[in-house]
Amino acid sequence: MRILLTGAAGFLGSHLTDHLLDAGNEVVGMDNFITGKSENLAHLADNPRFKFIQHDVSNYIFVPGNLDAVLHFASPASPNPNSPVGYPNLPIQTMKAGALGTHNSLGIAKANNARFMLASTSEIYGDPLEHPQSETYWGHVDPIGERSVYDEAKRFAEALTMAYHRFHGVNTCIVRIFNTYGPRMHIDDGRAVPNFLKQALRGDALTIYGDGKQTRSFCYVDDLIEGILRLLSSDVHDPVNIGNSTETSILEIAESINKLIKNSAGLEFKENLRGEGDPQRRQPDISRAQEILGWSPKILFEDGIALTLEHFKKQLGIK
């Protein structure tokens, strides 16, 4: 297939690009580098089946030639207000990527009669009142809070995707992505795993915001990409959760990383400044993915962290 992938220079986008190329596809990557990094794609410079276009997807998208699929992954994704790549510091750009970017991506998919995939998020569930979160849950989201620029942009993007499917007959699918980690994460992302790895490798105490009892479900990037590719090749249109169903507290994650890296500096607790609406629990119900895609994550957290370590050592200049 010939595939357009927006957000190709991002953490997930660059891994997805690699897997699509490895499967024999031709990929047109698109990114404006607002949070994506050119070095994530540098190894593809001589690949004849990869073409890159620097472009902001909130503007009209034109790609010469036919496309078989359009995958819209362009968006800032970190909720951390202390991170330069966090969407609280890029609020307008985040909403434009979710709204205008989705509209433009759907438009080019429609023009090419192409399969369209929206990269949505577990954040559409907000601070959930249902646990674990299944695709039938409508969410508990503050529409005007600081986090709303991401949450509501993705909720709008889902609604627009389904409107194009129902009204225009576009062949769409929606993947709801839960917490993912792995190589190429931005070292200043500000989310739990990169923050803890950075601190532990430096020998610093790991910062816990609040009491650390809030939970997340962490999926290694290769597992996530496999689920995404299975969804892309399916005939499913309704949203599908892709993530690891193992629920772990932030405190447990921190202690696990300290133990793995043999960091004796311990933990430091600080006031939770991540704002109202920060989910207290997050765990996907992946029964739909298991049943219709035959997919389940395979990589244990400790193994995934070991695979991620070398990337962070390189970013920190540690041998």
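Sort out which residues of region 267-310 are among the acidic types (Asp, Glu), out of contact with any helix residue (DSSP H, G or I) (no Cβ under 8 Å at 6 or more places or on another chain) and in contact (Cβ under 8 Å) with a residue 24 or more places away in the chain, and write them in order of number.
Answer for region 267-310, where residues must be among the acidic types (Asp, Glu), out of contact with any helix residue (DSSP H, G or I) (no Cβ under 8 Å at 6 or more places or on another chain) and in contact (Cβ under 8 Å) with a residue 24 or more places away in the chain: 268, 271, 276, 278, 285, 303, 310.
Across region 156-207, what is the number of residues that are farther than 22 Å from residue 87 by Cβ and hydrophobic (A, V, I, L, M, F, W, C)?
Qualifying residue count for the region: 9.
Since residue 304 meets every condition but one in (1) closer than 29 Å to residue 87 by Cα; (2) outside any helix (DSSP H, G or I); (3) of a type in the set (Gly, Ala, Ser), which condition does it not meet?
That leaves (2) as the condition not met.
Considering only residues that are surrounded by fewer than 19 Cβ atoms within 10 Å (Cβ to Cβ) and either without any contact (Cβ under 8 Å) to a residue 12 or more places away in the chain or in a loop (DSSP other than H, G, I, E, B) (or both), which ones fall in region 253-266?
Listed by number, the residues that qualify are 259, 262, 264, 265, 266.
Residues being out of contact with any strand residue (DSSP E or B) (no Cβ under 7 Å at 6 or more places or on another chain) and either more than 27 Å from residue 25 (Cα to Cα) or modelled with pLDDT of 95 or more (or both): count how many of those fall in region 77-111.
Within region 77-111, residues that are out of contact with any strand residue (DSSP E or B) (no Cβ under 7 Å at 6 or more places or on another chain) and either more than 27 Å from residue 25 (Cα to Cα) or modelled with pLDDT of 95 or more (or both) number 22.
What strands (runs of 3 or more DSSP E), lying completely within region 169-251, carry at least 2 residues that are surrounded by fewer than 21 Cβ atoms within 10 Å (Cβ to Cβ) and either of a type in the set (D, E, K, R) or on the phi < 0 side of the Ramachandran plot (or both)?
Of the strands (runs of 3 or more DSSP E) lying wholly inside region 169-251, those with at least 2 residues that are surrounded by fewer than 21 Cβ atoms within 10 Å (Cβ to Cβ) and either of a type in the set (D, E, K, R) or on the phi < 0 side of the Ramachandran plot (or both) span 206-209.
For residue 30, only one of the following conditions fails: (1) surrounded by fewer than 17 Cβ atoms within 10 Å (Cβ to Cβ); (2) free of Cβ contacts under 8 Å to residues at least 60 places away in the same chain. What is its number?
(1)
Looking only at region 130-167, which residues are modelled with pLDDT under 95 and either small (Gly, Ala, Ser) or in a helix (DSSP H, G or I) (or both)?
Matches in region 130-167: 145 only.
Residue 284 - would you say it is over 30 Å from residue 165 (Cα atoms), in contact with a Gly (Cβ under 9 Å, 6 or more places away or on another chain) and surrounded by 18 or more Cβ atoms within 10 Å (Cβ to Cβ)?
The answer is no for residue 284.
Of everything in region 112-129 that's at pLDDT 95 or above and of a type in the set (D, E, K, R), which residue is farthest from residue 231 (Cα to Cα)?
Filtering first and then ranking leaves 123.
Name the residue, out of 176, 191, that is basic (Lys, Arg), under 23 Å from residue 292 (Cα atoms) and in contact with a strand residue (DSSP E or B) (Cβ under 6 Å, 6 or more places away or on another chain).
Going through 176, 191 in turn, the sole match is 176.
Quick check, is residue 99 assigned to a helix (DSSP H, G or I) and surrounded by fewer than 20 Cβ atoms within 10 Å (Cβ to Cβ)?
So residue 99 passes the test.
The values are calculated or read from the model by the stated rules, or taken from the named source; none is laboratory data. Since this is a predicted model, take the numbers as computed values, not measurements. Reconstructed Cβ throughout: ideal geometry from the backbone, glycine too, with neighbour counts over all protein chains shown.
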